[in-house]
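Structure first, commentary second.
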Amino acid sequence: MQSARNRRVLDALALVFVLAVASGGWFYPAAGLALAVLMAVAVALSLLGRFGAARKRAFCNGVCPRGRALGFALRHFARGKPLPRAFTDLSLRRGLCGFMMFCVIGSLVRALPGLQGYPSLAAAGRIFWGLCVISLAGGLVLGVLFRPRAWCVVCPMGTLQDTIAGTGARRRMTGADAPGTADSRGTALEG
Ligand code: SF4
């Protein structure tokens, strides 16, 4: 169990990390590869969760810097309103997740130099950096309009984990927005 002080330090570090990748990627596109690494960790932990070797959503609860940073940065700015129920719809979340995967894979394929070889680190990093900035922008808007971690309800990476780990139930917002609570995605399973 993290003490409140340690949690705040980790929250602040997560915020610095997220801002560094989001701003640094403009100048050094390869910085976006940090998101690719995080996505790989999320998938690996979800697979472990599927077989009972890790907690469900272990990535969301203990690793993801974006969720932690949003909860920390927006805790005094969010309106505190519940997210509209339509956002919790499983089809919507899966559609968003599928669209993200389609865009990322399609962009990576298009970045292939010719028919052979692999996308350069910078080109691949630019793709993941774009994803990082778009999701951060979405997280800020939803976080201010509703609750700090409202983004976590629709987050494609969260949905991907739910799908892999077999926890893709419909969700609703609760007041549990702070990291380290029962469900740090700020959500609760309905069924
Ligand atoms: S739902 Fe998305 S943003 Fe929220 S903690 Fe999980 S991976 Fe991070």
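Does PHE59 count as within 13 Å of the ligand (Cβ to nearest atom), under 27 Å from ILE105 (Cβ atoms) and touching a Pro at 6+ places or on another chain (Cβ under 7 Å)? Criteria not met by PHE59. ALA44 fulfils the conditions (1) part of a helix (DSSP H, G or I); (2) crowded, with 19+ Cβ neighbours inside 10 Å except for a single criterion, (2). Cβ-Cβ distances below 7 Å connect the following pairs, each with a first residue in region 31-57 that is free of Cβ contacts under 8 Å to residues at least 12 places away in the same chain, a second residue that is of a type outside the set (D, E, K, R) and part of a helix (DSSP H, G or I), and a separation of six or more residues or different chains: ALA54/LEU45; ALA54/LEU48; ARG55/GLY49; ARG55/ASN61. For ARG94, the stated conditions do not hold, so it cannot be described as farther than 24 Å from ALA22 by Cα, among the charged types (D, E, K, R) and in a loop (DSSP other than H, G, I, E, B). Looking only at region 47-66, residues that are more than 27 Å from LEU121 (Cβ to Cβ) and either outside any helix (DSSP H, G or I) or among the basic types (Lys, Arg) (or both) come to 8 in all. Could we say that ALA69 is modelled with pLDDT of 95 or more, part of a helix (DSSP H, G or I) and surrounded by fewer than 19 Cβ atoms within 10 Å (Cβ to Cβ) here? For ALA69, the condition - modelled with pLDDT of 95 or more, part of a helix (DSSP H, G or I) and surrounded by fewer than 19 Cβ atoms within 10 Å (Cβ to Cβ) - is not met.
When every residue of region 93-112 is checked against the conditions, none turns out to be polar (S, T, N, Q), at pLDDT below 90 and surrounded by fewer than 16 Cβ atoms within 10 Å (Cβ to Cβ). Only one entry of GLY80, GLY125, GLY130 meets the criterion of being of a type outside the set (Phe, Trp, Tyr) and either within 13 Å of the ligand (Cβ to nearest atom) or loosely packed, with under 15 Cβ neighbours inside 10 Å (or both), and that entry is GLY80.
The values are calculated or read from the model by the stated rules, or taken from the named source; none is laboratory data. These numbers come from a predicted model, not from an experiment. Cβ atoms come from the backbone with ideal geometry, glycine included; neighbour counts cover every protein chain shown.
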